[in-house]
There are 4 protein chains.
Amino acid sequence: MVRKIGINNLTARVPTKIKTQEIIDDKRKDIIKAAVSVFKHKGYHKTTVRDIAKAAKVSMGSLYDYISSKDDLLYLFYEIFILTYYQKVVSVTNNIKDPEKKLKVAYKTLLEVGFSLEDEVLFGWTEAKNMKKNYLKEILKLENDLINYFKGILDEITAHGHSKIHDTGLVANFLVYSATFGILRRWALKGSYTKEQIINYLMNTQLKTILPHLVP
Amino acid sequence: MVRKIGINNLTARVPTKIKTQEIIDDKRKDIIKAAVSVFKHKGYHKTTVRDIAKAAKVSMGSLYDYISSKDDLLYLFYEIFILTYYQKVVSVTNNIKDPEKKLKVAYKTLLEVGFSLEDEVLFGWTEAKNMKKNYLKEILKLENDLINYFKGILDEITAHGHSKIHDTGLVANFLVYSATFGILRRWALKGSYTKEQIINYLMNTQLKTILPHLVP
Amino acid sequence: MVRKIGINNLTARVPTKIKTQEIIDDKRKDIIKAAVSVFKHKGYHKTTVRDIAKAAKVSMGSLYDYISSKDDLLYLFYEIFILTYYQKVVSVTNNIKDPEKKLKVAYKTLLEVGFSLEDEVLFGWTEAKNMKKNYLKEILKLENDLINYFKGILDEITAHGHSKIHDTGLVANFLVYSATFGILRRWALKGSYTKEQIINYLMNTQLKTILPHLVP
Amino acid sequence: MVRKIGINNLTARVPTKIKTQEIIDDKRKDIIKAAVSVFKHKGYHKTTVRDIAKAAKVSMGSLYDYISSKDDLLYLFYEIFILTYYQKVVSVTNNIKDPEKKLKVAYKTLLEVGFSLEDEVLFGWTEAKNMKKNYLKEILKLENDLINYFKGILDEITAHGHSKIHDTGLVANFLVYSATFGILRRWALKGSYTKEQIINYLMNTQLKTILPHLVP
DNA sequence: AATGAATGAGCATTCATTCAT
DNA sequence: TATGAATGAATGCTCATTCAT
């Protein structure tokens, strides 16, 4: 089941002093974009709110009209980040009927979105612990939607008897985990392997584990 | 090729004001142990040097006689952490002649050491970015030793014609990456899967990718 | 001698951008009322101009059309506050001829107005220091009118030979001071004494000091 | 019953990062003295922690080694302030046997201590609301000790049949309240009345209310 | 060698006031 | 007249590091 949530109305969770919703949405996009661009390079802790304000070309005071704390920016980043992933995967695979094909396309999309958002992925993996408890909870829920989307495909495959998957939940989790391999290990891989080589490797090994009869 | 380095003389990279090497080694072990015990729970940034001094039962001044900055502690943590991994894997597999058996035992050891050091693994993954550039370089070298140890086994397997592995470097990297799945995704997995289930799953799927004829 | 000043034209001291006097008076009353309602609960410093604008249901910009600074509101509060006291006491006692009777009624009124404005009294006592020097001067003048009203009664009493009061100015001052005892010490008194007990106590002791022959 | 608490061990309630108790006591006295000297002139809110550090000739960081928040300084001020009052009154009257004499001396001491601490009294009356709830509670307890000391004397007087006091608690409260008249109304009184005139006036009127047979 | 008090630059956040629309 | 978004100086507080003893 696909949650029908857009980015704009989701961010409603974060309080603001501004009254015009349209301005909030626009400005927030700018601010988060600026925040992420700084976060990516300096990390959450080393980035100061001044850095972000400067990057977003707003004053300190104005920044705090749109968010209520530095924490909020982290939350907003994750929200957008995970939704970007999710919506991309869903939009690309939604109309595919054959579950095996669907899995292949979904996984490939996962890999490609990851590579297109390398810095964000890296940042996302390392800074989650800095989120406030209740914010983290929300983000984990969203992340779970993505895992479940894959689990759903795997369940379909099993149901159709194409393949016998032991535990679709565990497999779905590992699939999603495996998709960030190329990014999280980029220091070790860069120089030796191209993005395409990594994608091919993962498509061949990880999907074959699930669909043994797969012909690449 | 196994680098023959022990913990003590490695830490020589980190400057100190103390002159008796023996005292340095002992005290440093205490300090790092204390630092890690705090880091694990509070993270690097939220841990203050005061916290560490307190946990190590030394004065602030004394602490700075053994290290020259908070960064050093991070480096020393990684050094010990990665060496622990490496030495464990090597010591357990060093005498195994059959490369397939060796791979199995090495991978299993990797998984088990990981689970025995969950907090350290988590900490290690998320705080690497806080290390000074030149320290990071050193740590990546050490990490590379571990990857190469696996690559060596895979090369042996290929050489013996048991299995045809396309790119042993890439596979070695992914193997080591996969081994932390259970820990890095523990928020999603805890509650649903036991450590044993996760280890079994990974042994079955990841090793089978490499050794298709494997009978669990 | 009673100054004949109404609330509206007094506030003329505070500058405004608005030109129609009628609108000023109306809107200002709303704004001050709102400001006081917030001030009472949060204190002057912890109340933000935003709070006041919200409570007064006007925009920030509009608020600043009617006042020129947050200070002004403090002044306007005191102005209304002290006039309320004064006018009440005067209106109730103006027609009483017998000065002893007049004193009794005036003092009792003082006590009762105080208890009906507990929060305002408390606020008034503790925030006066935040007023601008020249505003404070004006307020002290108004306050002096009240003291002098009591002094006038005491002078009459002395003139009529009913009682010999050493220094009517000092006595008048202390009388007015004594009247806020129940409010300024309410943390210590609440729970043990009712408003009526306190009023009775003060009527008995303080008036008897002045009029020894008094029969309650 | 006189609580046996000195200033030094009382301040133990406020946390510190310093380990040597002697240093804490000394430095804190300096800091509070400096804080009060600034508070008196600028009020609590308008005084910045920087102001205080400067006046105390310590760095910001050092200041925060001795207190844990600006609030603490307010608490420490009140603690010392109220104890100064209390200890002075008790030490001067402790050995007086005759309760009437005791009351006279105690009240006079109250008046004189007040006048010797004018700024502190004024500050104390107006800033109590800024104290944290639990701190305020402690201070009110201390204040209550002073009230009760007077109540004790009044009870003795009543017990000895010298005078019939209706409600010694209420009278004690009002006595203590009356003692700050000269200070809290100094704007109105200064210029017209000397400290001595005010003290005489209060001694004559307030004590006579309690001890009608009193001959000044 | 050891201690712990001192330093001060740096940070997140607030808020009275202004001004373009 | 009315609106509310924008400003930025100012504030309370932290903490890695130093240094006198």
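The numbers here are math on the coordinates, done by the rules we state, and not lab data. Small disclaimer: the values here were computed from a predicted structure and weren't measured. Note that we place each Cβ from the backbone using ideal geometry, even for glycine, and neighbour counts take in every protein chain shown.
Assorted remarks:
- Annotation for C:Lys190 and D:Ser68: the two label points, set 7 Å from Cα along the Cα-Cβ direction, are 2.7 nm apart.
- Neighbourhood charge, 11 Å Cβ-Cβ cut-off, centred on B:Pro99 and excluding it, Lys, Arg +1 and Asp, Glu -1: 0
- Average 1/r across all pairs of distinct alpha carbons in segment A:7-210, invert it, and you get the Kirkwood radius: 18.4 Å.
- A simple count of charges around A:Ser59, restricted to other residues whose Cβ falls under 11 Å of its Cβ and scoring Lys, Arg +1 and Asp, Glu -1, yields +2.
- Solution diffusion estimate, µm²/s, Stokes-Einstein, the protein assembly as shown, Kirkwood Rh from C-alpha pairs, 4 °C, viscosity 1.567 mPa s: 38
- Since only B:Ala179, C:Ser69, A:Gly169 are under comparison, the one whose Cα sits farthest along the positive direction of the charge dipole of the protein assembly as shown, derived from C-beta charges on Lys, Arg, Asp and Glu, is C:Ser69.
- Residues B:Val38, D:Val49 in ascending order of nearby Cβ atoms (within 10 Å, fewest first): D:Val49, B:Val38.
- Principal-axis tilt of helix B:118-127 within chain B, Cα atoms, nearest 10 degrees: 70
- Each Cα pair under 8 Å and six or more residues apart adds its separation to the average, and for segment B:143-216 the resulting relative contact order is 28 percent.
- Each of A:Met131, B:Met203, C:Met60 was scored by other Cβ atoms within 10 Å of its Cβ. Listed from fewest to most, they are C:Met60, B:Met203, A:Met131.
- Over segment C:7-210, Cα pairs under 8 Å with separation of 6+ residues give a relative contact order of 21 percent.
- Dipole magnitude of the protein assembly as shown, debye to nearest 20 (Cβ charges: Lys/Arg +1, Asp/Glu -1, about Cα centre): 560
- Estimated [θ] at 222 nm from DSSP helical runs (n ≥ 4, -39500 (n - 2.57)) normalised by residues in the protein assembly as shown, nearest 500: -23000 deg cm²/dmol
- Size of segment D:79-128 as Cα extents on the principal axes (Å, biggest first): 37, 17, 15
- Minimum Cβ-to-axis distance in chain C for the rotation onto chain A, with residue, whole Å: C:Gly61, 3
- The angle separating the long axis of helix C:133-159 from the principal Cα axis of greatest extent in chain C is about 20 degrees.
- Put a plus charge on the Cβ of each Lys and Arg, a minus charge on the Cβ of each Asp and Glu, and nothing anywhere else: the dipole of segment C:49-160 about its Cα centre is then about 60 debye.
- Sites matching trypsin sites (Lys or Arg not before Pro) across segment D:31-120 that sit in DSSP coil, with at most 13 neighbouring C-beta atoms within 10 Å: D:Lys57, D:Lys97
- Test item: Cα-centred dipole of chain A, Lys/Arg +1 and Asp/Glu -1 on Cβ, debye: 380
- Projected label distance in nm at A:Arg50 and B:Val49, using a 7 Å step from Cα toward the beta-carbon: 2.2
- Label-point spacing for D:Ile96 across the identical copies (point 7 Å from Cα in the Cβ direction), in nm and ascending order: 3.6, 9.4, 9.7.
- Distances, shortest first, from the label point of D:Lys137 to those at the same position in the other copies read 2.8, 4.6, 5.9 nm; the point lies 7 Å along Cα to C-beta.
- To the nearest ten degrees, helix D:168-178 and the longest principal axis of the Cα atoms of chain D are 60 degrees apart.
- Quarter of Cα convex hull surface for segment B:11-118, i.e. mean projection, nm²: 7.8
- Proxy reagent accessibility, fewest Cβ within 10 Å first, across B:Asp72, C:Asp98: C:Asp98, B:Asp72
- An ellipsoid equivalent to segment A:102-216, defined through the eigenvalues of its Cα gyration tensor, has semi-axes of 25, 21, 9 Å when rounded to whole angstrom and sorted largest first.
- Annotation for C:Ser37, label-to-label distances across the other copies: 4.6, 4.6, 5.8 nm (shortest first, one decimal, point 7 Å from Cα along Cα→Cβ).
- Environment charge of D:Asp26, counting only residues whose C-beta is closer than 15 Å and scoring Lys/Arg +1, Asp/Glu -1: +2
- Cα gyration tensor, segment D:59-100 - rounded (a/c under 1.5), prolate or oblate: prolate
- At R0 = 45 Å, FRET efficiency that the Cβ-Cβ distance of C:Lys97 and C:Lys29 yields, to 0.05: 0.80
- Here the Gaussian network model covers chain A, with springs between Cα atoms less than 10 Å apart; of A:Lys17, A:Lys164, A:Lys29, A:Lys17 fluctuates the most.
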